[in-house]
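Accompanying notes for the structure given below.
The values are calculated or read from the model by the stated rules, or taken from the named source; none is laboratory data. This is a predicted model, so every value here is computed, not measured. Because the Cβ atoms are built from the backbone with ideal geometry, glycine has one as well, and the counts that use them run over all protein chains shown.
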Amino acid sequence: MTLEIIGISVLWLFLFGYVIVASIDFGAGFFNAYSLFRGKQHILTGIIQRYLSPVWEVTNVFLVFFFVGIVGFFPKTAYYYGTILLVPASIGVVLLAIRGAYYAFTTYGGLEHKRYTYLYGLTGLFIPASLSIVLTISEGGFVEETASGVELDYWALFTSPLTWSIVVLSLAAVLYISAVFLTWYANKAQDEPATELLRKYALIWSVPAIVTATGIIVELKGHNPEHYSRLVDLWWLFAISFILFVGTVYLIGKRKAYGVAFGLLTGQFFIAFFAYGISHYPYLLYPFLSIYDSFTNEAMAVALIIAFIAGLGLLLPSLYLLLRLFLFNKDYVQGKRNDHA
Amino acid sequence: MGNEESVFFSRVLTELTLSFHIIYATIGVGIPLMIMIAQWLGIKKQDEHYILLARRWTRGFVITVAVGVVTGTAIGLQLSLLWPNFMELAGNVIALPLFMETFAFFFEAIFLGIYLYTWDRFENQKKHLLLLIPVAVGASFSAVFITIVNAFMNAPQGFDLVNGQLVNINPILAMFNPAMPTKVAHVLATAYMTSAFVLASIGAYRLLKGSDHIYHKKALFLTMKIGLIFSIAAAVIGDFSGKYLAEYQPEKLAAAEWHFETHEGAPLVLYGVLDDGEVKYALEIPYALSILAHSNPNAEVIGLNEFPEDEIPPLYIHYLFDGMVTIGMWMTALSLVYVAGVWMKWSFIRTRWYRWLIVLGGPLSMVAIELGWWFAEVGRQPWILRGIMKVEDAATTSGQVDLMLLLFAGLYLILAIGSTVVLTRMFRKNTVEQELADRELEKEGEFR
């Protein structure tokens, strides 16, 4: 294994972590707002608040970790992606900032208003949409390199069906992941009505999630044939992922083993996410940037990997403690205690 | 938009983001230490007031930390978005502390969540206090790592530049650059100092607004003591910073002190104005600059005449520097007189006007923080990486920076209003007297 591969694997793993925890967060915000809109807020709010409150800040860190890490391991990405993403990334970060800050203002500061609940719900859709555009851009075809620098062709980007399919996939995946997780969480909390409602959402959103995912593979055939053929070579990984998907839907449908269902879902996304990543190899930005020509020097790479291992040694026990105290603490999950400052 | 405009707007946007972020970042670094001291005192003295102090500070802290986190995310991304050429170069040499900062931040975020939601969970309160240590350590180390990156921009080392190529890169050497010790120490000490004075300011304000509760008096005395200790530390470190500048960035020191010609036994120019290159109405302390720079009244101090015209920072940094130092001195004196006054039972420190001065001290300390950062950043001009890369060569070529400036200005406005409204409402609604009475009732309920 080369240093380049270790570097990109570490980053991809953290991005996967972000996709899962952020999806739960984004989806939860949306379901909360939607239930308020439908006048059913009493069913979901308690569950969602209890899950989100202690962990919201942690979610953000996964993202920061990814973008700081990628500039560390692959400094050339700062030049290419830094230049072309000025507008989309700025919009994404402004939405994230409003969402994060107003979450804290309402949860800890007692600022209560329907407006904020809707704001929180809608940003939960806009953020994944704006962030997913980066994946589309990485497929190539939207960036031009001229003498004065690199430029993004917005017109081509926003008229491409690929862009919009990836946006739809990101939204469907967010809502599906979130609903499956929250079904399990509500069930742990022994909250019957919330479990039923979330279970229904999970089943509804499973369909568009799998349909758009398949559709994107087909669209890539026309957009980036090289990537498409590498994807097809990995068909068996996607097949395993699909079997796990069927397993999740089966368990949720039969009202059985919600915890296992969420485990299968994590596996499904893990395999699909890595299969996509492997087929993207070696390009970070097709065809300008590969992991080899953008890689940092060896001394820095080794230092970063050592720092990463040391950091992980610190983080994993802390994350375990966080989960044990809140996610796996019966009294807390069932809302019997709060202990907020 | 030409590239000159991109450079200009990139500079304005970075300055805006940093100036806004630093308010919340400073509080975010300093307050956990204050909470820790208060909670520890409360446990040790078995004093409910200190515990409640820690509890109420924590609640306010969460709000400021939220804004700190999101604006920190913004500046983290903006480094790559606005200065892609700089990050491409710097990423090769100084990525390590940036990367480690995310771990420190991660660590802090996890334990802050835990600390916040376990206030009454443990029988033994010391266990709960233990959970705060990673928060305080994580917060301070975030500052350490980020300041290391800034120090590197001032005194880059740990690599060789051969024909435009970076070779012999040593990330550790880059981290431990000559600017690092004084810069890191100065940032930490002033963050603790400013946080203490901001909290003192709130305590003094409550006392002025009619609440005569002993709780506020305890809070005021505690924070003034902490503020005094760290303002003295900041002054001592400031002296070392002067010696660092004289050795490694003489043009920054010379510009800040309006020291135009290299000579021995240099005087320190305080205040004054610059009129057509002539210093007017200034206070000159003989030999003081030589002492500050080299601890020797006759030592030679390098002047601006040794540098090419286009490598000299703007001379207005003198005002920034003087402003920062004056506020620092003033706060040291104010807190020294207060602490001495409590011990010696001087009555004037309890007068309204003295309390108003303390109230003013909080915002004033924050102004000093801003002046200090403007001085640090403008004083490095025209370089983004001193001696290696100029700011004008580092900025993005994108033409939409002006729009992004408006977008972020709007964001910061929303966040500033939101956090102010929430913080004021939070503490006005739930007064200390009210909360103490509530907790008393709660306890009685438990015993019954």
Q: Considering every residue within the stretch A:38-50, establish whether at least one is within 14 Å of another protein chain (Cβ to nearest Cβ) and either assigned to a helix (DSSP H, G or I) or of a type in the set (K, R) (or both).
A: yes
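Per-residue answers, yes or no, for (1) modelled with pLDDT under 90; (2) under 26 Å from the mean Cα position of the chain (by Cα):
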{"residue": "B:A66", "(1), (2)": "yes, yes"}
{"residue": "B:G91", "(1), (2)": "yes, yes"}
{"residue": "B:M100", "(1), (2)": "no, yes"}
{"residue": "B:F106", "(1), (2)": "yes, yes"}
{"residue": "B:G113", "(1), (2)": "yes, yes"}
{"residue": "B:T118", "(1), (2)": "yes, no"}
{"residue": "B:F122", "(1), (2)": "yes, no"}
{"residue": "B:L130", "(1), (2)": "no, yes"}
Q: Output the residue which, of all residues in the stretch B:91-142 that are touching a residue at least 40 places away in the same chain (Cβ under 8 Å), more than 7 Å from chain A (Cβ to nearest Cβ) and among the small types (G, A, S), is surrounded by the most Cβ atoms within 10 Å (Cβ to Cβ).
A: B:A139
**Q.** Close pairs (6 angstrom Cβ cut-off, 6 or more residues apart or separate chains): of a type in the set (G, A, S) in the stretch B:257-272, surrounded by 15 or more Cβ atoms within 10 Å (Cβ to Cβ) and part of a strand (DSSP E or B) anywhere
**A.** B:A266/B:V301; B:G272/B:V279
Q) Any residue in the stretch A:102-111 that is within 14 Å of chain B (Cβ to nearest Cβ) and more than 26 Å from B:T420 (Cα to Cα)? A) no
Q: Determine which member of the set A:V207, A:V174, A:V168, A:V211 is under 30 Å from A:Y228 (Cα atoms) and surrounded by 21 or more Cβ atoms within 10 Å (Cβ to Cβ).
A: A:V174
Q | Flag for B:E370 being assigned to a helix (DSSP H, G or I), of a type in the set (D, E, K, R) and surrounded by 20 or more Cβ atoms within 10 Å (Cβ to Cβ) | A | no
Q) So how many residues does the stretch A:51-74 have that are of a type in the set (V, I, T), within 7 Å of chain B (Cβ to nearest Cβ) and farther than 18 Å from A:F181 by Cβ? A) 4
(Q) Suppose the filter is over 29 Å from B:A255 (Cβ atoms), of a type in the set (S, T, Y), part of a helix (DSSP H, G or I) and within 14 Å of chain A (Cβ to nearest Cβ); does B:S398 pass it? (A) no
**Q.** Filter result (surrounded by 22 or more Cβ atoms within 10 Å (Cβ to Cβ) and more than 20 Å from A:L122 (Cβ to Cβ)) within the stretch A:21-50
**A.** A:I47
Q. Within the stretch A:173-196, can you find the residues that are among the small types (G, A, S) and in contact with a Phe, Trp or Tyr (Cβ under 6 Å, 6 or more places away or on another chain)?
A. A:A179
Q. Does B:S19 satisfy the condition of being hydroxyl-bearing (S, T, Y) and closer than 22 Å to A:G7 by Cα?
A. no
Q. What helices (runs of 4 or more DSSP H) completely inside the stretch A:66-147 contain at least 2 residues that are more than 23 Å from the chain's Cα centre (by Cα) and touching a residue at least 40 places away in the same chain (Cβ under 8 Å)?
A. A:76-84
Q: Return the total of residues in the stretch A:53-64 being assigned to a helix (DSSP H, G or I) and in contact with a Gly (Cβ under 8 Å, 6 or more places away or on another chain).
A: 6
Q. Is at least one residue of the stretch A:233-243 over 15 Å from A:Q268 (Cβ atoms), among the charged types (D, E, K, R) and surrounded by 14 or more Cβ atoms within 10 Å (Cβ to Cβ)?
A. no
Q. Which of the residues spanning the stretch B:163-176 are within 13 Å of chain A (Cβ to nearest Cβ) and either in contact with a Lys or Arg (Cβ under 7 Å, 6 or more places away or on another chain) or surrounded by fewer than 12 Cβ atoms within 10 Å (Cβ to Cβ) (or both)?
A. B:Q165, B:V167, B:I172
Q | Pick from the stretch B:401-417, criterion more than 16 Å from B:Y24 (Cβ to Cβ) and free of Cβ contacts under 8 Å to residues at least 12 places away in the same chain, ranking: farthest from the other protein chains (Cβ to nearest Cβ) | A | B:L406
**Q.** Filtered residues of the stretch B:246-304 (kept if acidic (D, E), out of contact with any strand residue (DSSP E or B) (no Cβ under 8 Å at 6 or more places or on another chain) and not in a strand (DSSP E or B))
**A.** B:E247, B:E251, B:E261, B:D276
Q: Look at A:S23 and say whether it is assigned to a helix (DSSP H, G or I), under 26 Å from B:L112 (Cβ atoms) and under 15 Å from the mean Cα position of the chain (by Cα).
A: yes
Q. Which is within 24 Å of the chain's Cα centre (by Cα) and modelled with pLDDT under 85, of A:R337, A:R324?
A. A:R324
Q: Inspect all residues belonging to the stretch B:203-211 and state whether any of them is within 25 Å of B:S365 (Cα to Cα), charged (D, E, K, R) and assigned to a loop (DSSP other than H, G, I, E, B).
A: yes
Q) If only one of A:F73, A:F65 is under 25 Å from A:L316 (Cβ atoms) and at pLDDT 90 or above, which one is it? A) A:F73
Q: Can you confirm whether the stretch B:183-190 contains a residue that is crowded, with 24+ Cβ neighbours inside 10 Å and touching a residue at least 24 places away in the same chain (Cβ under 8 Å)?
A: yes
Q. Out of all the residues in the stretch B:93-117, which are of a type outside the set (F, W, Y) and in contact with a Pro (Cβ under 9 Å, 6 or more places away or on another chain)?
A. B:V93, B:I94, B:A95, B:L96, B:P97, B:E108, B:I110, B:L112, B:G113, B:I114, B:L116
Q.
Based on this model, can you work out whether A:S318 counts as under 30 Å from B:G113 (Cα atoms) and within 14 Å of chain B (Cβ to nearest Cβ)?
A. yes
Q) Quick one: is B:V325 part of a helix (DSSP H, G or I), surrounded by 15 or more Cβ atoms within 10 Å (Cβ to Cβ), in contact with a Lys or Arg (Cβ under 8 Å, 6 or more places away or on another chain) and not assigned by TED's automatic domain parsing to the domain that holds B:V62? A) no
